[in-house]
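The values are calculated or read from the model by the stated rules, or taken from the named source; none is laboratory data. Not measured: the values here are computed from a predicted model. Here the Cβ positions follow ideal geometry from the backbone for every residue, glycine too, while neighbour counts run over all protein chains shown.
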C-alpha cells in the first residue's frame, strides 16, 4: 500500500461527522462509541472544522469548561488542512509531522473522501 487512497479504502469505518452546535460532551460520546479520535465538523453540507479528543482535553477538561454547554464550534479547529488521495503514505506522514497533526482529512475534487491518522499509519506499518 503506497497511497493515501489505498489506505482510506482499506479502513472499515467511513467518515463520521458532527454539526457545530452539538455539545462537546455529545461529540466525545460519538468519538467513544465509534472508537475514533476526531470528527469533521459540517454545517449545511460544508466542512467548517475538525475536532479531536485532544482538543476536548485541552479546551474543555484542562480549563474546566462545562462539557454540556460548550459547543463543538467553540473548541474546533476552523481552518482544516487536507491532503490528496494520490499522496503517498510517506508524504502524509511528513505533512502531519511538520504541522503537528494527528488526523488529516483527504480531499478530492473539493470533497472530503476520507481521513488518515497516525493510528491508521501505525496499523498499516505493523501489519
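Residue under question is residue 74, and the condition is that it be touching a residue at least 12 places away in the same chain (Cβ under 8 Å) and more than 18 Å from residue 7 (Cα to Cα); does it hold?
For residue 74, the condition - touching a residue at least 12 places away in the same chain (Cβ under 8 Å) and more than 18 Å from residue 7 (Cα to Cα) - is met.
Would you mind telling me which numbered condition in (1) within 19 Å of residue 8 (Cβ to Cβ); (2) modelled with pLDDT under 95; (3) surrounded by 15 or more Cβ atoms within 10 Å (Cβ to Cβ); (4) over 11 Å from the mean Cα position of the chain (by Cα) residue 110 fails?
(3)
Return the pair list, or none, for Cβ contacts closer than 7 Å from residues in segment 7-26 that are on the phi > 0 side of the Ramachandran plot and at pLDDT 90 or above to residues that are part of a strand (DSSP E or B) and surrounded by 15 or more Cβ atoms within 10 Å (Cβ to Cβ), at least 6 apart or on different chains.
none
Rundown of residues vs (1) outside any strand (DSSP E or B); (2) under 22 Å from residue 2 (Cα atoms), yes/no style:
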| position | (1), (2) |
| --- | --- |
| 32 | yes, no |
| 51 | no, no |
| 56 | yes, no |
| 90 | yes, yes |
| 95 | yes, yes |
| 104 | no, yes |
| 113 | no, yes |
| 121 | yes, yes |
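Looking at 70, 17, can you tell me which residue is touching a strand residue (DSSP E or B) at 6+ places or on another chain (Cβ under 8 Å) and over 13 Å from residue 115 (Cα atoms)?
Among 70, 17, only 70 is touching a strand residue (DSSP E or B) at 6+ places or on another chain (Cβ under 8 Å) and over 13 Å from residue 115 (Cα atoms).
Does segment 27-66 hold any residues that are touching a residue at least 40 places away in the same chain (Cβ under 8 Å) and more than 25 Å from residue 118 (Cβ to Cβ), and which are they?
65
Restricting attention to segment 67-97, which residues are touching a helix residue (DSSP H, G or I) at 6+ places or on another chain (Cβ under 8 Å), more than 16 Å from residue 121 (Cα to Cα) and loosely packed, with under 14 Cβ neighbours inside 10 Å?
Across segment 67-97, the qualifying residues are 68, 81.
Report, by residue number, each residue of segment 34-49 that is part of a loop (DSSP other than H, G, I, E, B), out of contact with any helix residue (DSSP H, G or I) (no Cβ under 8 Å at 6 or more places or on another chain) and under 20 Å from residue 122 (Cβ atoms).
Answer for segment 34-49, where residues must be part of a loop (DSSP other than H, G, I, E, B), out of contact with any helix residue (DSSP H, G or I) (no Cβ under 8 Å at 6 or more places or on another chain) and under 20 Å from residue 122 (Cβ atoms): 35, 36.
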